[in-house]
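The values are calculated or read from the model by the stated rules, or taken from the named source; none is laboratory data. Everything numeric in this text was worked out from a predicted model, so none of it was measured. Virtual Cβ from ideal backbone geometry, glycine too; neighbours counted across all protein chains shown. Ligands, DNA and RNA are stripped out before the accessible areas are found, and what is left, the full protein with its side chains, is counted by its heavy atoms. Shrake-Rupley method; radii C 1.70, N 1.55, O 1.52, S 1.80 Å.
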Number of protein chains: 2
Amino acid sequence: MTAAETSVFQSAFRPGLPPPAPRFTGLPRYNFVYGHNDPSQVPAHELADAASAVLNANGHLLGMYNLGQGPQGHKGLREFVAAKLGTRSGIPCTADDVLLTSGSLQGMDLVNGVLVGPGDTVILEEFTYGGAISKVQRLGAKVVAAPLDGDGIRMDALRRILERLRGEGVTPKYIYTIPTVQNPTGTIMPLARRHELLNLSREFGVPIFEDECYADLVWEGSRPPALYALDPAQVVHIGSFSKSLAPALRIGYLVAQWPVLSQIIGTKTDAGSGALEQMVVAEYLRDNFDTHVTELTATLHGKLETIVDALAQEFGTAVEMFVPKGGIFLWLKLPDHVDVRTFAQAALQQGLAFNPGPEWACDPEAAKSHIRLCFALPTKEDIRAGVAELARISFEHTGVPERSANRARA
Amino acid sequence: MTAAETSVFQSAFRPGLPPPAPRFTGLPRYNFVYGHNDPSQVPAHELADAASAVLNANGHLLGMYNLGQGPQGHKGLREFVAAKLGTRSGIPCTADDVLLTSGSLQGMDLVNGVLVGPGDTVILEEFTYGGAISKVQRLGAKVVAAPLDGDGIRMDALRRILERLRGEGVTPKYIYTIPTVQNPTGTIMPLARRHELLNLSREFGVPIFEDECYADLVWEGSRPPALYALDPAQVVHIGSFSKSLAPALRIGYLVAQWPVLSQIIGTKTDAGSGALEQMVVAEYLRDNFDTHVTELTATLHGKLETIVDALAQEFGTAVEMFVPKGGIFLWLKLPDHVDVRTFAQAALQQGLAFNPGPEWACDPEAAKSHIRLCFALPTKEDIRAGVAELARISFEHTGVPERSANRARA
């Protein structure tokens, strides 16, 4: 018997828990997983100055939960979020409409907490953030996949799904969408389709859960207004500074009309999110967000070009790339006969980490040939070396790609 | 119809949600609620220096989730926690045994998450942290109250409870205890009773959930080793820097043997706690914790003396005080015929906030004459004025106290 089996806790554990975590053994040499960002782009010295300024001025406020500013969090940061949403996402709102959260993940937990229970149904994009799928499944709810094309959710398919569910007497709890730089496909839903989506939401009485985690990292041009901007009564909106500033800062936000927001706040039992991070980020972002995001986006776009080039060189015609319109992820597909799960573990053991498509799909089999690569963390050199390593390992296990850099393998 | 009633969300909300939050309208004039601390004791300038130093040196690490240091959090802070637990709580452990959490509240959620489900039973101290009660109740579990005396849980009573439950075929999921500066009664469980408690834990196969949130704020002398120190196989241990440093920093920790800790980490879906706070606090505490806690404790003890004196003056023999051995709370009792709920709302409307005993009791009726006062936030002047106000409002509604400062009221 192991220690766990003899422990008083072992018999007390709830049934159906996820597997225990392994010991952390360090980061892989070539790291294309999660939403890590480019460490060189973290404005460390500016954050240091901001931290010094706000702590010297207002550090004593840390003696009170939420700085004494109430359960929605730091007033100044909420004001910044409201202003940013107005400028960038077309959302007219004030600090009173904003709840600061511990990353957008807490936003997801809070929305699920007020809406989703065992036996409920939610509609997710067929390929989407893996955590969105697993959180819903852990709550005992059913996931229905909405098919995507290059403009996001296909409205003809969504209507058929909603009609089918209505026929079964089911009203889904929400339609979860990442309309602006979709994860993992990197698409941006055009304005006309946003209106179509809201029409369906109203017609079938299904709320929309809008996630704009990556929306501040668009390569070029303007983006359509957020769904929340177009009809706030139908939508709850979340976002984050994890991708636009730094993921180890756990600062996200949730925006909703007061009847929804007050219900969500009423369920919170965490005594607020870390206020030091809120103070520092509010101080830094007030004057620097636009400049920072412009520079960061240019850096990320450069890395995207590198990874696209490297994949073309190493995989040639064997790879189909869904080149994103912003963000930090590249979604790609190998030939249909390739199941990327067959070499994900082997790659990890050789120091290369990627997200197998099945982890980012409502139906894992539908994405068995897909891979999601986060290109933000590695240097350009490591991107090239890592992609070459990916090709080598993939070939070893699947015979794909047969040719790299115009040379036959093996 | 209100906006909420017409909203698409209204029909989607889960049944049985807590009531929506009211709009935040500022802090009460006399604030004796929650676990706020003394703002003048927050080492703002030292934290500013620490923040500046760590961000300039390592700010770029914020570009990676958890600073690239794995799901247990900032390595340096975990090392500090382990060293502090060794020195102060008698717990031999290393950074590998520590999980950093977003306050001890997340620690509670994580422990409940792996152990407590609908229909389960847990044993709580009869008077305890209100959130411990409500979190368990929201999970659909039953609460059984363990009677207290001046040394914590009464072991004779606990044995009878465990025997009764065993007779009913029930094994409680845990016994939750705050053995070192109990909330709200302020007692410290002596060593001999700690051993008795562990004996019962082993005999009946019930894990112990030990909360040491206040343990670093003991007025004088040494305190007995933590329960976890005495038998780590039977105990999961949580603590926090909310009370010893600042509550708006959400930094707590959880310590358990690996079979338990790995199971808990396996259920985490928040991508870690805020790393900037961890970096800053690690830098500050490494060289300053002992000095800071000594000064803070002296300040808090001075405020305790003030509130005890003020209560004696304003309430005379009408108040029974449970003078704590540390911490930030004073638990008191008015005569049996007084129900403090009859004037809590009126007090709040007049700018005075206190925690009615029933919110801190497994059986609300058993604490209807009790009040918990947090004395850490108000100045000594506000403590005196606030207690006078409390006496005035209490008298208006209950006729108690009849005399204040040796003068008859009314």
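Answer yes or no as to whether A:E359 is in contact (Cβ under 8 Å) with a residue 60 or more places away in the chain, within 23 Å of A:E396 (Cα to Cα) and open to solvent by 60 Å² or more (accessible area, probe 1.4 Å).
When the stated conditions are applied, A:E359 passes them.
Tally time: how many residues in the stretch A:389-410 are hydrophobic (A, V, I, L, M, F, W, C), buried (at least 16 other Cβ atoms within 10 Å of the Cβ) and under 13 Å from A:L311 (Cα atoms)?
Counting residues in the stretch A:389-410 that are hydrophobic (A, V, I, L, M, F, W, C), buried (at least 16 other Cβ atoms within 10 Å of the Cβ) and under 13 Å from A:L311 (Cα atoms) gives 3.
Kindly list the number of the only condition in (1) farther than 21 Å from B:P378 by Cβ; (2) open to solvent by less than 20 Å² (accessible area, probe 1.4 Å); (3) in contact with a Lys or Arg (Cβ under 6 Å, 6 or more places away or on another chain) that fails for B:Q278.
Evaluating B:Q278 over (1) farther than 21 Å from B:P378 by Cβ; (2) open to solvent by less than 20 Å² (accessible area, probe 1.4 Å); (3) in contact with a Lys or Arg (Cβ under 6 Å, 6 or more places away or on another chain) leaves (3) as the failure.
Could you say whether any residue in the stretch B:371-387 is closer than 13 Å to B:P184 by Cβ and in contact with a Ser or Thr (Cβ under 8 Å, 6 or more places away or on another chain)?
Scanning the stretch B:371-387 turns up at least one residue that is closer than 13 Å to B:P184 by Cβ and in contact with a Ser or Thr (Cβ under 8 Å, 6 or more places away or on another chain).
What are the residue pairs meeting all of these: first residue in the stretch B:395-410, first residue on the phi > 0 side of the Ramachandran plot, second residue open to solvent by 60 Å² or more (accessible area, probe 1.4 Å) and outside any loop (DSSP other than H, G, I, E, B), Cβ atoms under 8 Å, and 6 or more apart or on different chains?
Partner pairs satisfying both residue conditions: B:A405/B:Q313.
Is it the case that the stretch B:246-254 has a residue that's of a type in the set (D, E, K, R) and open to solvent by 20 Å² or more (accessible area, probe 1.4 Å)?
There is no residue in the stretch B:246-254 that is of a type in the set (D, E, K, R) and open to solvent by 20 Å² or more (accessible area, probe 1.4 Å).
Is it the case that the stretch B:120-129 has a residue that's within 8 Å of chain A (Cβ to nearest Cβ), open to solvent by less than 10 Å² (accessible area, probe 1.4 Å) and outside any helix (DSSP H, G or I)?
No: the stretch B:120-129 contains no residue that is within 8 Å of chain A (Cβ to nearest Cβ), open to solvent by less than 10 Å² (accessible area, probe 1.4 Å) and outside any helix (DSSP H, G or I).
Can you confirm whether A:T306 is over 30 Å from B:D49 (Cα atoms) and assigned to a helix (DSSP H, G or I)?
Spelling it out, A:T306 is indeed over 30 Å from B:D49 (Cα atoms) and assigned to a helix (DSSP H, G or I).
I'd like to check something: does the stretch A:89-108 contain any residue that is touching a Cys at 6+ places or on another chain (Cβ under 8 Å), hydroxyl-bearing (S, T, Y), buried (at least 23 other Cβ atoms within 10 Å of the Cβ) and more than 30 Å from B:F241 (Cβ to Cβ)?
no
Here's the yes/no breakdown for (1) modelled with pLDDT of 95 or more; (2) in contact with a His (Cβ under 7 Å, 6 or more places away or on another chain); (3) over 27 Å from A:L148 (Cβ atoms):
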| site | (1), (2), (3) |
| --- | --- |
| A:P324 | yes, no, no |
| A:F329 | yes, no, no |
| A:P335 | yes, no, no |
| A:R341 | yes, no, no |
| A:L348 | yes, no, yes |
| A:P364 | yes, no, no |
| A:A367 | yes, no, no |
| A:S394 | yes, no, no |
| A:R409 | no, no, yes |
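For the subset of the stretch A:7-52 comprising residues that are open to solvent by 30 Å² or more (accessible area, probe 1.4 Å), assigned to a loop (DSSP other than H, G, I, E, B) and closer than 30 Å to A:L285 by Cα, which member is modelled with the lowest pLDDT?
Among them, the one singled out is A:Y34.
Quick check, is A:V323 surrounded by fewer than 23 Cβ atoms within 10 Å (Cβ to Cβ), more than 18 Å from A:L27 (Cβ to Cβ) and β-branched (V, I, T)?
yes
Can you say whether B:L100 is within 19 Å of the chain's Cα centre (by Cα) and under 27 Å from A:Y284 (Cβ atoms), as far as the supplied structure shows?
yes
In the stretch B:189-221, which residues are surrounded by 22 or more Cβ atoms within 10 Å (Cβ to Cβ) and in contact (Cβ under 8 Å) with a residue 40 or more places away in the chain?
B:L197, B:V206, B:P207, B:F209, B:D211, B:E212, B:C213, B:Y214, B:A215, B:D216, B:L217
Among the residues of the stretch A:243-255, count how many are within 8 Å of chain B (Cβ to nearest Cβ) and small (G, A, S).
2
Answer yes or no as to whether A:P232 is closer than 27 Å to A:T121 by Cβ and out of contact with any Cys (no Cβ under 7 Å at 6 or more places or on another chain).
Spelling it out, A:P232 is indeed closer than 27 Å to A:T121 by Cβ and out of contact with any Cys (no Cβ under 7 Å at 6 or more places or on another chain).
Counting only residues that are more than 7 Å from chain A (Cβ to nearest Cβ) and touching a residue at least 12 places away in the same chain (Cβ under 8 Å), how many does the stretch B:50-71 have?
So the count comes out to 4.
Does B:V293 count as within 14 Å of chain A (Cβ to nearest Cβ), assigned to a helix (DSSP H, G or I) and at pLDDT 95 or above?
No, not satisfied.
For B:P39, state whether it is within 20 Å of B:C374 (Cα to Cα), facing chain A (nearest Cβ under 7 Å) and under 23 Å from the mean Cα position of the chain (by Cα).
yes
Quick one: count up the residues across the stretch B:262-279 that are more than 7 Å from chain A (Cβ to nearest Cβ) and either within 10 Å of B:L110 (Cβ to Cβ) or of a type in the set (S, T, Y) (or both).
Looking only at that region, the number is 2.
Can you name the condition, by its number, that B:E79 falls short on among (1) within 14 Å of another protein chain (Cβ to nearest Cβ); (2) open to solvent by 40 Å² or more (accessible area, probe 1.4 Å)?
(1)
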